Amino acid sequence: MDYSAKDLMEMDDTYGAHNYKPLDVVLNKGEGVWVWDVEGNKYMDMLSSYSALNHGHRNPVIIKKMKEQLDKLTLTSRAFRNDQLPLFLKKVCEVTGMEMALPMNTGAEGVETALKATRKWGHKIKGIPENKAEIIAAANNFHGRTITIISLSTEEQYRDGFGPMTPGFPIVPYGNVKAIEEAINENTAGVLLEPIQGEGGIVVPPEGYLKEVKEICEKNNVLLIFDEIQSGLGRAGKLFAWQWENAKPDGIILGKALGGGVYPVSIFAASKEVLGVFNPGDHGSTFGGNPIAAAVGLAALNYLVEEDLPGKALTMGNYFMDKLRSLKNPVIKEVRGKGLLIGLELKEPARPYAEKLKEKGLLCKETHGVVIRFAPPLVITKDELDWAFEQVKEVFET
């Protein structure tokens, strides 16, 4: 039986929890930067599933690797070894410059892994008294949705009704080096930051911020952990956003695009000193590091490097931001970003504009209320960006 878009949306609203407010479009096909709905309408994807689709929809190289693995072996748990995981772990360490890596599935699981490793390092290596370790986080952050992760969020809606919150997370203003320095004490195990705040509104910190935070952490024997789930893997015009300031962290969390847009894959990579705190049974995941995830993750990393998607993101991002800055409309407050992680901040709610852009065939989403996020797959071409800009221009200049 064929269902109409209206039927499917009503079914979704009836049987699904209302924890999302999606644009009213029902998609059933995707290729590259394009998607189609059940009625045959074509749209450009300007969200990339929050940076999970850096490689584009149904990237043929990654799809091929996944299909090959599906015909061989899908799951072993970590009770047994498989032939794909070692290759994936080796590649992760090579591209991140880290010594060890621990695979999980979702970004939130990757963050939880980093929090647990940082706390245990603080207690077992640094010598912080048991149950006293603190991890400093930044206001306006978005690291995920678990109880512990929302405990370090400053977004009231993310916390409302879910208490009591997990203690041990001092919050400081984002972009303020002095605030981090003042928050560090003898119980500080780590500092957790996004090099660019994605969900918080595409907030790029002041130049030199990451480098100065790194120096402060080194001086105080505190781990610096970067959440690059959205900003990493080419999105910000470098393989990792921290490379803009050569501020290599002690640990890095990756997810989203690590799964090539086809499978959930996340990882926490760090030094042997940090990940060496885990003993068998301390932490784990039935699906983390499964053969499909490992094969897909390896293919995704290889493609990113071989096709220089970070370089393409930088070139195309600068080109598109220049065009966006040419828009003439008093409602536009600012255009900002790095690479193809771009925010168009308005002086009024952004949702109506996202809905108008949808009618023009451009799918994007508001974030932080007044910011439209433009973050297409990194395989986008100049001609495709020109077409996208014409739609944006029509919405904002007519």
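Below is a table of values for the structure above.
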item: Verdict on GLY232 being more than 18 Å from GLY175 (Cα to Cα), modelled with pLDDT of 95 or more, part of a loop (DSSP other than H, G, I, E, B) and in contact with a Leu (Cβ under 9 Å, 6 or more places away or on another chain); result: yes
item: Candidate set: the range 66-86, residues that are assigned to a helix (DSSP H, G or I) and more than 23 Å from the chain's Cα centre (by Cα); chosen: the one surrounded by the most Cβ atoms within 10 Å (Cβ to Cβ); result: GLN69
item: Residue list for the range 88-118, filter: over 16 Å from the mean Cα position of the chain (by Cα) and surrounded by fewer than 21 Cβ atoms within 10 Å (Cβ to Cβ); result: LEU89, LYS90, LYS91, CYS93, GLU94, VAL95, GLY97, GLU99, MET100, LYS116
item: Members of the range 242-261 that are more than 15 Å from VAL305 (Cα to Cα) and among the hydrophobic types (A, V, I, L, M, F, W, C); result: TRP242, TRP244, ALA247, ILE252, ILE253, LEU254
item: Search result, residues across the range 36-58 that are within 21 Å of the chain's Cα centre (by Cα), crowded, with 17+ Cβ neighbours inside 10 Å and outside any loop (DSSP other than H, G, I, E, B); result: MET44, ASP45, SER48, TYR50, SER51, HIS57
item: Meets criteria (touching a residue at least 12 places away in the same chain (Cβ under 8 Å), part of a loop (DSSP other than H, G, I, E, B) and surrounded by fewer than 19 Cβ atoms within 10 Å (Cβ to Cβ)) for THR148; result: no
item: Residue that is within 30 Å of LYS126 (Cβ to Cβ), buried (at least 24 other Cβ atoms within 10 Å of the Cβ) and out of contact with any helix residue (DSSP H, G or I) (no Cβ under 6 Å at 6 or more places or on another chain), where the choices are ALA270, ALA293; result: ALA270
item: Test: residue in the range 224-245 that is charged (D, E, K, R), free of Cβ contacts under 8 Å to residues at least 60 places away in the same chain and surrounded by 24 or more Cβ atoms within 10 Å (Cβ to Cβ); result: yes
item: Strands (runs of 3 or more DSSP E) (entirely within the range 330-392) containing at least 3 residues that are at pLDDT 95 or above; result: 332-338, 341-346, 371-374
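The values are calculated or read from the model by the stated rules, or taken from the named source; none is laboratory data. Small disclaimer: the values here were computed from a predicted structure and weren't measured. Because the Cβ atoms are built from the backbone with ideal geometry, glycine has one as well, and the counts that use them run over all protein chains shown.
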